[in-house]
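Data block below; observations after.
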Amino acid sequence: MTAFRLELRRNRSLTIWLGVLLLGYGASMGAMYPIMVQNDEVFRTYMKSFPKEFLAAFGMTGSPSDPGVFFTTYIASWLWPVMAAIGALLIGTRAAAADLDRGFLDLPLSTPISRSRYLGASIAGQALVMAVLALTAIAGVWVVGRLVDADFDAVNFLLAGVLAWLFGCAIAGVTTLLSVITLSRAQAAGIAGGVLVAMYLVFVVTQVSPDWAWLATLSAWDHFETTPIIDHGTVPIGDMALFAGIAIAGWLGALAAFRGRNLAA
């Protein structure tokens, strides 16, 4: 518990600031939702001037007055992936790579705390941070939306939050593994960030050009669809299992590698 409490203290500032940003932006979008509903026909006409493939690349597969499309367009398609990546890259690389570079790692490992417990506390902290951030991303939109009489289903929004949490955990798991392998925060964050950018570009290309649609499954964005969840309550069990599997595999791989890693290399 000592290592976990330390991790909570170290994660506190980052979690608060990212949470405030997510909550504030989500609340402002929730307050704007009635405007989308009142001007639905105007927005539909405006959107017809854009190619459908272009709109699909940004999650705008219908009217912004639709709750699922609204959330996907303004939160899930870009804001949450960016915030989740920031949190995962900073926290996922700290316990091994950043602490080693700062000379801090020798201190906790010189105590009875084992390497597994030390990194395990970091992993538990990562999962908790992602849960808090995913909740704030959902809460801002839903709470303010309900205050302005938006027809937002609490259960469906919560399910979308679970998918967002697993999406963030998958990034954190891979980043943690890369951090242990490279022992370099810059390299681990660069590789993980580069892969995310590449997957987003692949998703955009597959939406714009049907000839490349077969590549869509390689992109995390193809498995992070919140519109069906919010609009119909459809639970994407396969996508949730995929993100959970990647997160668990990354974290377990990091624990196994960290136990025998030569920290002087």
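For Asn262 paired with Thr234, estimate the spin-label separation in nm (one decimal), with each label point 7 Å from Cα along the Cα-to-Cβ line.
Label-label distance for Asn262 and Thr234, simple model: 5.2 nm.
What residue among Gly140, Gly193, Gly103 has the largest mean-square fluctuation in a Gaussian network model of the chain, using Cα springs under 10 Å?
The residue that fluctuates most here is Gly103.
Tabulate in residue order the Karplus-calculated ³J(HN,Hα) for region 107-113, using 6.51 cos²θ - 1.76 cosθ + 1.60 with θ = phi - 60°, rounded to whole Hz; enter x for Gly and Pro.
5, x, 6, 7, 9, x, 5
Among Met83, Met36, Met240, which one moves the most in a GNM of the chain with springs linking Cα atoms closer than 10 Å?
Its mean-square fluctuation being the largest, the pick is Met36.
Compute the FRET efficiency between Val208 and Leu8 as 1/(1 + (r/R0)^6), taking r as their Cβ-Cβ distance and R0 = 41 Å, and round to the nearest 0.05.
Computed FRET efficiency for Val208 and Leu8: 0.40.
For the chain, what class follows from the C-alpha gyration tensor (a ≥ b ≥ c being the square roots of its eigenvalues): rounded when a/c is under 1.5, otherwise prolate if a/b is larger than b/c, else oblate?
It comes out prolate by the Cα gyration axes.
Let's test the formula: R0 of 25 Å, r as the Cβ-Cβ distance of Val148 and Thr45. What FRET efficiency results, to the nearest 0.05?
Given R0 = 25 Å and the Cβ-Cβ separation, E is 0.55.
For a distance above 18 Å, tell me the whole-number percent of Cα pairs in region 141-265 that qualify.
63
So if I take the centroid of the Cα atoms in region 183-255 and the same for region 1-36, what is the distance between those two points in Å?
Region 183-255 and region 1-36 have Cα centres separated by 22 Å.
When the Karplus curve 6.51 cos²θ - 1.76 cosθ + 1.60 is applied with θ = phi - 60°, which whole-Hz ³J(HN,Hα) does each residue of region 72-82 get, with x for Gly and Pro?
4, 5, 9, 10, 6, 6, 9, 5, 5, x, 5
Can you tell me which of Pro112, Pro210, Pro236 moves the most in a GNM of the chain? Springs connect C-alpha atoms under 10 Å apart.
Comparing Pro112, Pro210, Pro236 in the GNM, the peak value goes to Pro112.
Taking H as built 1.01 Å from N, whose amide H comes closer than 5 Å to the amide H of Leu105, not counting residues under 5 places away?
For Leu105, whose amide H was placed from the backbone, the distant partners under 5 Å are Leu100.
The numbers here are math on the coordinates, done by the rules we state, and not lab data. Since we're looking at a predicted model, the values are computed, not measured. For neighbour counting, all protein chains shown are included, and Cβ atoms are generated from backbone atoms with ideal geometry for every residue, glycine included.
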